[in-house]
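The values are calculated or read from the model by the stated rules, or taken from the named source; none is laboratory data. Keep in mind that what you see is a predicted model, and the values were worked out from it rather than measured. Cβ coordinates were reconstructed from backbone atoms using ideal geometry, including for glycine residues, and neighbour counts include every protein chain displayed. When the accessible area is computed, the model is the full protein with side chains, heavy atoms only, and any ligands, DNA or RNA have been set aside. Shrake-Rupley method; radii C 1.70, N 1.55, O 1.52, S 1.80 Å.
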Amino acid sequence: MPMDAFAFKELHLHRELLAAWTVRTVRARYKQSVLGGLWAILQPAATVAIFTVIFTLFIPIDTANVPYVLFAYSAMAPWTFLSTAITDMVDALTVNMNLVSKIYFPREVLPIAAMLARLLDFAIAASVLLIIMLFYGWPILAASWVYLPLIVTIQLALILGVGLIGAACNVFYRDVKHLFALGLQIWLYATPIVYPISVVPEHLRWLYFLNPMAGIIEAYRAVLLQQQAPASTLVIAAMIAAFMLAAGYLFFKRVEAQFADLV
Amino acid sequence: MSYSIRFDNVSKRYRIGRGLPSLRQILGLGRAENPQSANVHWAVRDVSWQLAPGEAMAIIGPNGAGKTTTLKLLSRVTQPTSGAIDIRGRYAALIELGAGFHPDLTGRENIFLNGAILGMKRSEIRRRFDQIVDFAGIEQYLDTPVKRYSSGMTARLGFAVAAHVDPDVLLIDEVLAVGDYAFRMKCYARMNELRERGASLIFVSHNMEDVRRVCDRGLVMYAGAKAFAGTAAEAVAEYANVLRQNASRSAKEANGAGGGLAQRRMTHEARITRVDLVGEDGHTRRAVISGEKVSLVVEFECYADVEQPVFACIMHGPNGELVYDTTTRVLGLTSPSYKAGQRGCITYELTAHLLDGSYTISTDLAYADLSCYYDFVANALTFSVVGGNRAKGVANLWANVEFLPPTPVEATVIDGDSHSKENGTQILQI
């Protein structure tokens, strides 16, 4: 469609704005905060600590020889990226309404910058994963790591698609923000983060892997902890993520003209 | 005609009132909303105009006239409901003070952020950075968060960035009002500079002095429609007339509903039906050249016999000061008598020995004994005077200056200068 080619070109023209807005988002987030970037680690670390206490002391879970901290953190870091990025994206337009209603620029810059700012947090959190792996003497720099860029790309597509839909809908109905907060909470437990996939009944797995995050998390674990290629469930995740990205972007572009009129 | 902006039959409709739109409406599916519905508001309706490169046009009008909506349409913040807008080249818009600034970031960071929002590349901003800082005059505050800036400093920085994007079209809402006089003058100088390079300017302001100073063209808007388009001076004058017509319309409606407006004692046995200012060619004039002869034409209809009424012509100046007030009685004239059902007309030929500014004319028709008015129209029309010299005040006294050749000071003046000598003598006598 020529219109969408134009939209991409315009976004490309505004890549400097995207960069500037991402930097702004990161700077503004950690201005007047004592811990600054440490918060990027504290959030997944605290959750992992809680789950470690519960699932090693109270209800021991079999994680197939992987230390629970490593098991949980390797999933919690990408999950935290997804959940914080989507939460920020849903808010990205509404908190900047004064800008949206006064100045023109491609509106997707705001939610995409919100996601990119969280990508930085993800990078920080991921570097802590390395430290944990070193601590447990886990082999790092395995050949299987070549799959990492692919997995991250699939996850980015999924976040973008869901986040763009959320951001656009939240302009029209503020309920969307609360709905997404609730949805993310449920989604966390529908994803093999605190428990291994082995506890999911065999006959329900096909349904379970319709959750693209299940395939993505399993792929991260396979590559990082098992030094293996991702399972075929990643293909399902990739297809769903690609569909979400296309749907999200088209929906966003379709309704974007109305944003400024809805202050 | 080559244009830099074309505004072609543009309308903009807003939904008003409570209630959320349905998903179907958001996606633009299903039936369109009834345009006549009470739930919609036409902020701009069927407006067309063009602007050539290098021209500056002011958009003036009361609140709710559609000025800001027009700027938002031009800057693509919002899409027109119907019609087409075409802008050639890069534009920069300054619609609200501090929009595009992040309060927690420093002035330096915000220059880059705001420049990026306006579509500048980082390298371009870096090249113009010193100019921007210098123009805004904020060197010492570059590393202070913008939230600690005064509103004047914020406005200066906002204008400085927008004016250095090198726009082909610059759109400015009333953001300069908060700047001090010196800064406003600096802004106008910069606008002129941009215009000389071929940039066009759209300027929204309530300050009529600024409008006349900055713009050559004027567009008067009222209730979303184009009420008048012409030169800036004409538009300023016409704006007052547009306001008055609408005020009198609503006053009439209020009267009809028994509103009981506090009126002067008017019998309305005769009514003034038309007040106009015409040039020597007989055409309506709202922009008058200083020193020019113009005629005030007052037409009226009589509903009862009117015996030798007294006519008055009253003029007020730009600051509401009385400039001129005369009546046929003061002039020693005896006016004719009129019968019921007759129509009359009186013209006052006036010589506009006035300086630049807007002037307002009131006129009335009174009983011969001045006990009552037949009719009194306050602020019947406003016109502006242009082309006076740059003297201040209201009256153009056409100063004719002559220098006598210099002569040496004479030695005969001993105690003080010659002017105080006489006074000194008088004091001694007392």
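Annotations
- The listed residue being at positive phi and either polar (S, T, N, Q) or at pLDDT 85 or above (or both), out of A:Gln32, A:Gln43: A:Gln32
- When A:Leu182, A:Leu188 are screened for being assigned to a helix (DSSP H, G or I) and buried (at least 16 other Cβ atoms within 10 Å of the Cβ), only A:Leu188 passes.
- Any hit, the range B:138-148, residues being open to solvent by 10 Å² or more (accessible area, probe 1.4 Å), of a type outside the set (Asp, Glu) and facing chain A (nearest Cβ under 9 Å): yes
- For A:Ala157, the test of being modelled with pLDDT of 95 or more, within 14 Å of another protein chain (Cβ to nearest Cβ) and either under 20 Å from A:Ala85 (Cβ atoms) or open to solvent by 60 Å² or more (accessible area, probe 1.4 Å) (or both) is failed.
- Qualifying residue in the range B:156-168 (condition: farther than 23 Å from B:Ala58 by Cβ and more than 11 Å from every other protein chain (Cβ to nearest Cβ)): yes
- Residue within the range B:116-128 that is out of contact with any Lys or Arg (no Cβ under 7 Å at 6 or more places or on another chain), more than 12 Å from chain A (Cβ to nearest Cβ) and either surrounded by 14 or more Cβ atoms within 10 Å (Cβ to Cβ) or in contact (Cβ under 8 Å) with a residue 60 or more places away in the chain (or both) present: yes
- Residue that is least open to solvent (accessible area, probe 1.4 Å) [pool: residues in the range A:137-151 that are part of a loop (DSSP other than H, G, I, E, B) and not aromatic (Phe, Trp, Tyr)]: A:Ala142
- Neighbours by Cβ (under 7 Å, 6+ apart or cross-chain): first from the range A:168-180, more than 9 Å from chain B (Cβ to nearest Cβ); second open to solvent by 50 Å² or more (accessible area, probe 1.4 Å): A:Asn170/A:Lys177; A:Val171/A:Leu262; A:Phe180/A:Thr87
- Helices (runs of 4 or more DSSP H) contained entirely in the range A:1-78, each with at least 1 residues that are farther than 22 Å from A:Leu225 by Cα and more than 14 Å from chain B (Cβ to nearest Cβ): A:2-13, A:39-52
- Checking every residue in the range A:83-93 against the condition of being in a loop (DSSP other than H, G, I, E, B), buried (at least 21 other Cβ atoms within 10 Å of the Cβ) and more than 13 Å from every other protein chain (Cβ to nearest Cβ) gives at least one match.
- For the range A:27-43, the criterion of a residue being among the basic types (Lys, Arg), in contact with a helix residue (DSSP H, G or I) (Cβ under 6 Å, 6 or more places away or on another chain) and either within 17 Å of A:Asp88 (Cβ to Cβ) or open to solvent by less than 70 Å² (accessible area, probe 1.4 Å) (or both) is satisfied by no position.
- Among the residues making up the range B:310-339, those that are outside any strand (DSSP E or B) and touching a residue at least 60 places away in the same chain (Cβ under 8 Å) are B:Gly317, B:Pro318, B:Glu321.
- Scanning the range B:345-363 for residues that are in contact (Cβ under 8 Å) with a residue 60 or more places away in the chain and open to solvent by less than 20 Å² (accessible area, probe 1.4 Å) returns B:Ala352, B:Leu354, B:Leu355, B:Ile361, B:Thr363.
- Every test in (1) over 19 Å from A:Phe180 (Cα atoms); (2) assigned to a helix (DSSP H, G or I); (3) without any contact (Cβ under 8 Å) to a residue 40 or more places away in the chain; (4) open to solvent by 30 Å² or more (accessible area, probe 1.4 Å) is passed by A:Leu99 save one, and that test is (4).
- Selected residue [over 25 Å from the mean Cα position of the chain (by Cα), touching a residue at least 40 places away in the same chain (Cβ under 8 Å) and buried (at least 18 other Cβ atoms within 10 Å of the Cβ)] from B:Leu113, B:Leu94, B:Leu105, B:Leu71: B:Leu105
- Failed condition for A:Leu164, given (1) open to solvent by 20 Å² or more (accessible area, probe 1.4 Å); (2) in contact (Cβ under 8 Å) with a residue 60 or more places away in the chain; (3) of a type in the set (A, V, I, L, M): (1)
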